1. Return the residues of the range 76-90 that are within 11 Å of A285 (Cα to Cα) and either of a type in the set (G, A, S) or surrounded by fewer than 16 Cβ atoms within 10 Å (Cβ to Cβ) (or both); say none if nothing qualifies.
2. Failed condition for I408, given (1) of a type in the set (A, V, I, L, M, F, W, C); (2) surrounded by 19 or more Cβ atoms within 10 Å (Cβ to Cβ); (3) modelled with pLDDT of 95 or more, with all others met?
3. Quick check, is H384 out of contact with any Phe, Trp or Tyr (no Cβ under 8 Å at 6 or more places or on another chain) and within 22 Å of V51 (Cβ to Cβ)?
4. Considering the range 109-127 alone, what residues qualify as being in contact with a Phe, Trp or Tyr (Cβ under 8 Å, 6 or more places away or on another chain), within 24 Å of A393 (Cβ to Cβ) and not in a helix (DSSP H, G or I)?
5. Give the range 385-395 a look and list any residue that's surrounded by 21 or more Cβ atoms within 10 Å (Cβ to Cβ) and either basic (K, R) or assigned to a loop (DSSP other than H, G, I, E, B) (or both), or say none.
6. Just name the residue that is nearest to F265 (Cα to Cα) out of those in the range 107-125 that are buried (at least 21 other Cβ atoms within 10 Å of the Cβ) and touching a Lys or Arg at 6+ places or on another chain (Cβ under 8 Å).
7. Being among the aliphatic types (A, V, I, L, M), in a loop (DSSP other than H, G, I, E, B) and buried (at least 22 other Cβ atoms within 10 Å of the Cβ): is that true of L68 here?
8. Residues in the range 129-139: is at least one small (G, A, S), in a loop (DSSP other than H, G, I, E, B), more than 27 Å from Q262 (Cα to Cα) and more than 19 Å from the chain's Cα centre (by Cα)?
Amino acid sequence: MNRREFLKAAALASVTYALPFQGWAAEGQANSNKKLLVIMLRGAVDGLNVVAPVGEGQYYSLRPNIALPKPGQAGGALNLDGHFALNPALSPLMDMWNNKRLSFIHSAGSPDPSRSHFDAQDYMESGEPGIKTVSTGWLNRLLAQLPENHSPVRAINFGPTMPRIFAGNGNVANVALTKNNPLPTDRREIANYFGQLYSKDPVLAPIFAEGIAAREEINKDLAEGDQADQMEQMAANKGARPPQADFGKQLAKLLVKEPKTQVAFIAFGGWDTHVNQGADKGQLANKLTPLGIGLADFYQRLGADGDNVTTIVMSEFGRTAKENGNKGTDHGHGNVMWVLGGNIAGGKVFGRWNGLSGNALYEGRDVPVTTDFRSVISAVLTGHLNINDNALANVFPHFSPDRSLENILNA
């Protein structure tokens, strides 16, 4: 790399939030009015304490300290179907469950047996479990199957760096999910300087210009309604709601203001509960509370627009069925996936559940994966975004989805 190339790379690194990938997208038959939001819970959330099999005595014998109390008891789980119950920290989502806009798929996950956070997340984001040579992410490959609308915010990642799931050629705007986190390029003089620096480069100039345009659009959207935002923040600071839950408000604001956004991704970390996990209260519940509030708030604010937005919540793997000596859980295998929003055959727990007896557990310790995570995603892509089988094969090469999972949607 010569000096000129090095300076370009350094300059680009300084505006990572604003720079999308250079991209292309082919015309497709997909529904351009529908949107997909993917939420990744990094660290392996304990699905058995998110959607708990409270109808099984084995659940309580395996988890004497951290099992959720049964529905009706103090701190009890919230009944879903008589066998499974929801962590009470997610009580804000019960209206969506009762209104058939939320479903869970238990024993879901990656077929790869890795219990490495890094490898498992990589496989779920590349969509190619067990293959480390894949250079693109499935959410970016999806962009090539959606109708091109030439919007700088057709795909949005919310976070400090571009995630693996968005690696590829499709245009992605990478921004922080708050207007209170200014970037150097938000200052007009700095943006103009870099614009002039790249102006004669046929590759970098359009990339930088589109990144700045995306950033400006999102800053404008987030700036609206500041007075109401400040009042809500004051309430949050008084304990009425955790500040972390504000992601729902911000997401809704952006997706309502930006009708051309097709896909979005956000990741939340901190789900690796090896020690003092807790049950209805404690470490896990403290993470679930703002997530539940934020998701409920998101759909409430979307209103009728929420019928066009489907959300998938996933994590790299589950956790051990048995609690460990530190009143936590260790890395496991099968987990629970969530599907929320429009077009959902809600109010059901899907998946092939084998129970928690020793013979039913994977390697005698974990919930097995009986539903490949790609089958769940494929059902949403075909039923919600209306992409065809050829397009789906480009999103998930070398994979044939379980068509029975298509009943998670109201086709």
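1. Step one: of the range 76-90, the residues within 11 Å of A285 (Cα to Cα) are 87-90.
Listed by number, the list holds a single entry, A89.
2. It is condition (3) that I408 fails.
3. Numbers: out of contact with any Phe, Trp or Tyr (no Cβ under 8 Å at 6 or more places or on another chain): yes; within 22 Å of V51 (Cβ to Cβ): yes.
Spelling it out, H384 is indeed out of contact with any Phe, Trp or Tyr (no Cβ under 8 Å at 6 or more places or on another chain) and within 22 Å of V51 (Cβ to Cβ).
4. Within the range 109-127, G109, S110, D112, G127 meet the criteria.
5. L385, I387
6. Within the range 107-125, the subset buried (at least 21 other Cβ atoms within 10 Å of the Cβ) is 107-110, 120-125.
Filter once more, so that each one left must be touching a Lys or Arg at 6+ places or on another chain (Cβ under 8 Å): 107, 121-122, 125.
Values: S107: 23, Q121: 14, D122: 15, E125: 11 Å.
Restricting to residues being buried (at least 21 other Cβ atoms within 10 Å of the Cβ) and touching a Lys or Arg at 6+ places or on another chain (Cβ under 8 Å), the top hit is E125.
7. Working: among the aliphatic types (A, V, I, L, M): yes; in a loop (DSSP other than H, G, I, E, B): yes; buried (at least 22 other Cβ atoms within 10 Å of the Cβ): yes.
The answer is yes for L68.
8. Kept after step one, since they are small (G, A, S), are these residues of the range 129-139: 130, 135, 137.
So of that shortlist, the ones also in a loop (DSSP other than H, G, I, E, B) come out as 130, 135, 137.
Remaining after also requiring more than 27 Å from Q262 (Cα to Cα): 130.
Restricting the remaining residues to those that are more than 19 Å from the chain's Cα centre (by Cα) gives 130.
Within the range 129-139, one or more residues are small (G, A, S), in a loop (DSSP other than H, G, I, E, B), more than 27 Å from Q262 (Cα to Cα) and more than 19 Å from the chain's Cα centre (by Cα).
The values are calculated or read from the model by the stated rules, or taken from the named source; none is laboratory data. As the structure is a computational prediction, the values presented were derived from the model and not from experiment. Using ideal geometry, Cβ is built from the backbone for each residue, glycine included, and neighbour counts are taken over all protein chains shown.
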